[in-house]
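Undergrad: Okay, here's the structure, questions in a sec.
Where a number appears in this text, it was derived from the coordinates with a stated rule and is not lab data. Bear in mind that the values here come from a model prediction, so they are computed numbers and not experimental data. With ideal geometry, Cβ positions are generated from the backbone for all residues, glycine too; neighbour counts draw on all protein chains shown.
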Amino acid sequence: MTWDQPDPFTLPLAATADDIDGLDHTNNGTYVRWCEQVAWAHSESLGLAVADYRRLDRAMAIRRAEYDYLLPTQLGDRLTLGTWIFAGDGKLTLERRFQLLRDSDQATVLRGRWELVCIEVSSGRARRMPPEFLRAYLPVVHDPGR
C-alpha cells in the first residue's frame with residue numbers, strides 16, 4: 001500500500017448499505033465516524049482507552065478537523081484507513097492525520113487531519129498532557145516535515 005507516512009496504524013473497513021447515501025456513494029459522515037473509530041483503536045493499542053481518559057480526567061479533544069474527500073467509494077468497497085500522530089507543542093497539543101485507501105486499486109480516497117488539545121474532562125478546560133499520555137503518544141509521533 002502507498003501510504004503518505006511510514007508505519008500507519010490501520011483499520012480494515014468495508015462500505016455497507018448503512019454507509020451509502022442517496023447518490024450511491026459512501027456518506028461523508030461515515031468517513032468521519034471511521035476516523036473516530038481508527039483513532040480510538042490506535043489510542044487503545046497504545047494503552048489509553050476511554051476508561052483511562054476518565055480516570056485521569058484528561059482527554060485529547062478535537063479542536064479542528066479537516067477532511068479532503070478525493071474519490072467516492074461505493075457499497076462493498078474494501079478499504080484500509082491509516083492514522084498517525086504528529087507532534088504538537090509537547091504540552092497541550094497533538095495532530096492526528098488520516099489516509100483512506102481503496103484496496104482494489106490503492107487509490108487514496110480521503111485524507112484528514114485533526115488538531116487535538118488536551119482537556120480536563122470535568123471542566124472542558126485545556127490542561128497539560130499527563131505523563132501517561134506522553135508515555136503512550138510520544139514514542140509513535142511522526143516528523144511533521146515528512
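Undergrad: Between beta-carbons, use under 9 Å as the cut-off and find the net charge around G112, counting Lys and Arg +1, Asp and Glu -1.
TA: +2
Undergrad: Once the piece of chain linking D24 and E115 is laid out straight, how much longer is it, given 0.36 nm per residue of separation minus the C-alpha distance between them?
TA: Working: separation 91, 0.36 × 91 = 32.76 nm, distance 3.08 nm.
Answer, rounded to one decimal: 29.7 nm.
Undergrad: Say the dipole of region 13-142 comes from +1 at the beta carbon of Lys and Arg and -1 at that of Asp and Glu; which of Q99, F133, T26 then lies farthest toward its positive end?
TA: Of Q99, F133, T26, it is F133.
Undergrad: May I ask you to work out the translational diffusion coefficient for region 65-146 at 20 °C, viscosity 1.002 mPa s, via Stokes-Einstein with Rh from the Kirkwood sum over Cα pairs, reported in whole µm²/s?
TA: On the way: Rh = 14.5 Å.
Once the numbers are plugged in, D ends up at 148 µm²/s.
Undergrad: Once the Cα atoms of helix 28-45 and of the chain are each reduced to a long axis, what angle between those two axes, in degrees from 0 to 90 to the nearest 10, is obtained?
TA: For 28-45 against the chain, the angle is about 50 degrees.
Undergrad: So how strong a dipole does the chain carry about its Cα centre when Lys and Arg Cβ are +1 and Asp and Glu Cβ are -1, to the nearest 20 debye?
TA: On the way: 18 positive and 21 negative charges, 153 e Å.
Charge dipole of the chain: 740 debye, to the nearest 20.
Undergrad: Follow-up question, since we're still on this one. Rounded if a/c is under 1.5, else prolate if a/b beats b/c, else oblate: with a ≥ b ≥ c from the C-alpha gyration tensor eigenvalues square-rooted, which is region 1-51? Don't skip to the end; give the middle numbers.
TA: Working: a/c = 3.12, a/b = 1.58, b/c = 1.98.
It is oblate, given that a/c is not under 1.5 and a/b is not larger than b/c.
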